[in-house]
Amino acid sequence: MKKVLIANRGEIAVRIIRACHELKLQTVAVYAKEDEYGVHRFKADEAYLIGKGKKPIEAYLDSDDIIRVAKQTGADAIHPGYGFLAENEEFARKCQEAGITFVGPTVQQLQIFGDKVAAKHAAVKAGLHTIPGTADPVASLEEVQEFGTKFGYPIMLKAALGGGGRGMRIVNDESELASNYKHAKSEAKQAFGSDELYVEKYLDHPKHIEVQILADQHGHVMHLFERDCSVQRRHQKVIEIAPSITLSAQRRAEICQAAVNLMQSVAYQNAGTVEFLVTSDDFYFIEVNPRVQVEHTVTEMITDIDIVQTQLKIATGQDLWADIHLPKQEELTMHGNAIQCRITTEDPENKFLPDTGKIETYRSPGGLGVRLDGGNAYAGATVTPFFDSLLVKACVQARTFDDAVKKMTRVLQEFKIRGVKTNIGFMLKVLAHPTFRLGEAHTTFIDDTKELFL
Ligand code: ADP
């Protein structure tokens, strides 16, 4: 591997370019017309316009055009980042056919984990607990009704191909069933191209705990401990921490081992995340994200392992231990506590609608234990409505969780961003809340806590 094309934009494209340059790999960026001034374009060694005449998001989904650029520039690998084509098995196959290394898992692994029903089957086979639910997509409203009667409400309708916190609906009682079922089906069809739904018990106040996995092509699988991503708004992560501060050592060991078992059972290769919902008495598998995640940063901060560099090395066939020299599982330690806040250009005072416009002032924080991963975050940049609203990820690491919260508070206060609205003020309220400080936030903490919105 000598030259890597990054099939993405924004902060994650920059993150991958940095990893490549540290490994002395050349980089090729691709960009949509609307990203003409995108930072990733200028950070890479070369950059090319893709998807001419297409809508902005579609440009980054234009697999043929991306492969064309890879071939023309002699790139021998493509890193897809997250989102866009990262979990697209067709794209992975096309890369393979073009003789280009796809920095990700195999096509077959993408097939399993791209379909939440297939993923659940794999998890059960590997001995993991799953949330009581239908084993397969439901064929009719009556089937859902039967499930509700048998297991009790609330229940959750989920799109088999859903993702990104979308394609889920809670049904609180039978009276809501018919209309929710209809809407969930049509939403799933529209967003994911398939109206297949399955049903699960809706868990009361769980925590979202996920395990970072690294796995090579030689059958070696290791975990890098867990992240607690319970601070969510409408099922989308807002603040992530590593490690969890409420898991017992025994529960941590069990969850991490379950994640390793699942990935081993499918001979997984690449970085990946196994997600669980954790209640006071058990932990349940929900899904695998077979790619680098937005919140990989906090794990890097407590383990010092560069996850993106490791992905690239794994893709060239290197062994986790013999070649990459990662610590053996039993020797791996973590230090301190890390927190990430996703700073977005959303307006908390206007239903979190994305704001757009020119960033007039941009002064960012720094200091010991602070990490910023930004995309187009600088004075003079224009925030367009075409892409997601993530502006910069602010991460901190400190010796204790309490110190990390204090540091993050200072970091957020130090930001001066004018010209475009951000969620910084809202995040400061979350950080100050006693429930968050005690590590007791569960997945509906934000949605349920009215004072955060005052
Ligand atoms: P996505 O792939 O869209 O991210 P996930 O399956 O990972 O969806 O779920 C995202 C979030 O939705 C979880 O972290 C949790 O907050 C909530 N969730 C999902 N399934 C359930 C469930 N059965 N009960 C309660 N909350 C759930």
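Residues that are buried (at least 22 other Cβ atoms within 10 Å of the Cβ) and over 22 Å from the mean Cα position of the chain (by Cα) were ranked within the stretch 154-172; the one that is nearest to the ligand (Cβ to nearest atom) is ILE155.
Can VAL288 be described as in a loop (DSSP other than H, G, I, E, B) and within 16 Å of the ligand (Cβ to nearest atom)?
Numbers: in a loop (DSSP other than H, G, I, E, B): no; within 16 Å of the ligand (Cβ to nearest atom): yes.
Here the answer is no, as VAL288 does not meet what is asked.
Do we find that ASP228 is under 27 Å from LYS328 (Cβ atoms) and touching a residue at least 60 places away in the same chain (Cβ under 8 Å) in this structure?
Details: under 27 Å from LYS328 (Cβ atoms): yes; touching a residue at least 60 places away in the same chain (Cβ under 8 Å): yes.
Yes.
Suppose we filter GLU196, GLU210, GLU187 for residues that are more than 23 Å from ARG252 (Cα to Cα), touching a residue at least 40 places away in the same chain (Cβ under 8 Å) and not basic (Lys, Arg); which single one remains?
Working: GLU210 fails: more than 23 Å from ARG252 (Cα to Cα); GLU187 fails: touching a residue at least 40 places away in the same chain (Cβ under 8 Å).
Of GLU196, GLU210, GLU187, the one residue that is more than 23 Å from ARG252 (Cα to Cα), touching a residue at least 40 places away in the same chain (Cβ under 8 Å) and not basic (Lys, Arg) is GLU196.
For the structure I just gave you, tell me whether LEU391 is closer than 22 Å to ARG418 by Cβ and either free of Cβ contacts under 8 Å to residues at least 60 places away in the same chain or of a type in the set (Ser, Thr, Tyr) (or both).
Yes.
Note on the stretch 123-146: among residues that are part of a helix (DSSP H, G or I) and buried (at least 20 other Cβ atoms within 10 Å of the Cβ), the one that is nearest to the ligand (Cβ to nearest atom) is ALA123.
Taken as a whole, the stretch 325-341 holds at least one residue that is buried (at least 17 other Cβ atoms within 10 Å of the Cβ), touching a Lys or Arg at 6+ places or on another chain (Cβ under 9 Å) and assigned to a loop (DSSP other than H, G, I, E, B).
Give me the pairs, please: first residue somewhere in the stretch 113-126 and without any contact (Cβ under 8 Å) to a residue 12 or more places away in the chain, second residue anywhere and of a type in the set (Gly, Ala, Ser), beta-carbon distance under 9 Å, and either six or more positions apart or on two chains. Sorted first by the residue in the stretch 113-126, then by its partner, the pairs are ALA118/ALA160; VAL124/ALA135. For GLY425, the conditions (1) in a loop (DSSP other than H, G, I, E, B); (2) modelled with pLDDT of 95 or more all hold with the exception of (1). Among residues of the stretch 166-181 that are at positive phi, those with a beta-carbon under 9 Å from a residue that is within 16 Å of the ligand (Cβ to nearest atom) and part of a strand (DSSP E or B) at least six positions away or on a different chain give the pairs GLY167/LEU157; GLY167/LYS158; GLY167/ALA159; GLY167/ALA160; GLY167/LEU161; GLY167/LEU197. Could you go through the stretch 13-28 and let me know if any residue there is modelled with pLDDT of 95 or more, assigned to a loop (DSSP other than H, G, I, E, B) and crowded, with 23+ Cβ neighbours inside 10 Å. Checking the stretch 13-28: not a single residue is modelled with pLDDT of 95 or more, assigned to a loop (DSSP other than H, G, I, E, B) and crowded, with 23+ Cβ neighbours inside 10 Å. Every listed requirement among (1) surrounded by fewer than 24 Cβ atoms within 10 Å (Cβ to Cβ); (2) at pLDDT 95 or above; (3) in contact with a strand residue (DSSP E or B) (Cβ under 6 Å, 6 or more places away or on another chain) is met by SER230 save one, (1).
Residues that are over 19 Å from VAL294 (Cα atoms), polar (S, T, N, Q) and out of contact with any Asp or Glu (no Cβ under 6 Å at 6 or more places or on another chain) occur in the stretch 354-362; there is at least one. Scanning the stretch 181-193 for residues that are charged (D, E, K, R) and either within 11 Å of the ligand (Cβ to nearest atom) or buried (at least 24 other Cβ atoms within 10 Å of the Cβ) (or both) gives no hits. Whenever a residue of the stretch 48-74 is free of Cβ contacts under 8 Å to residues at least 40 places away in the same chain, its partners that are surrounded by fewer than 17 Cβ atoms within 10 Å (Cβ to Cβ) and of a type in the set (Gly, Ala, Ser), lying with C-beta atoms within less than 7 angstrom and at least six residues away or across chains, give the pairs ILE67/ALA98; LYS71/ALA98. Inspect all residues belonging to the stretch 194-214 and state whether any of them is closer than 29 Å to PRO327 by Cα, away from the ligand (no atom under 16 Å from the Cβ) and either of a type in the set (Gly, Ala, Ser) or at pLDDT 95 or above (or both). Yes, the conditions are met somewhere in the stretch 194-214. Scanning the stretch 305-332 for residues that are free of Cβ contacts under 8 Å to residues at least 24 places away in the same chain and acidic (Asp, Glu) yields ASP323, GLU330, GLU331.
Restricting the search to the stretch 216-243, which residues are more than 10 Å from the ligand (Cβ to nearest atom), outside any strand (DSSP E or B) and either touching a Gly at 6+ places or on another chain (Cβ under 7 Å) or more than 19 Å from THR297 (Cβ to Cβ) (or both)? Residues satisfying the conditions are ASP216, GLN217, HIS218, GLY219, HIS220. For the stretch 399-422, a residue qualifies if it is assigned to a helix (DSSP H, G or I), in contact (Cβ under 8 Å) with a residue 60 or more places away in the chain and in contact with a Lys or Arg (Cβ under 9 Å, 6 or more places away or on another chain), and the qualifying residues are PHE401, VAL405. Of the candidates LEU161, LEU203, the single residue that is in a strand (DSSP E or B) and either over 26 Å from ALA86 (Cα atoms) or out of contact with any Cys (no Cβ under 8 Å at 6 or more places or on another chain) (or both) is LEU161.
Could you tell me which residue of the stretch 248-257 is farthest from GLY127 (Cα to Cα), considering only residues that are more than 16 Å from the ligand (Cβ to nearest atom) and among the hydrophobic types (A, V, I, L, M, F, W, C)? Restricting to residues being more than 16 Å from the ligand (Cβ to nearest atom) and among the hydrophobic types (A, V, I, L, M, F, W, C), the top hit is ALA249.
For (1) in a loop (DSSP other than H, G, I, E, B); (2) not acidic (Asp, Glu), each residue gets a yes or a no:
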site	(1), (2)
TYR48	no, yes
GLY53	yes, yes
GLU58	no, no
PHE91	no, yes
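The values are calculated or read from the model by the stated rules, or taken from the named source; none is laboratory data. As the structure is a computational prediction, the values presented were derived from the model and not from experiment. With ideal geometry, Cβ positions are generated from the backbone for all residues, glycine too; neighbour counts draw on all protein chains shown.
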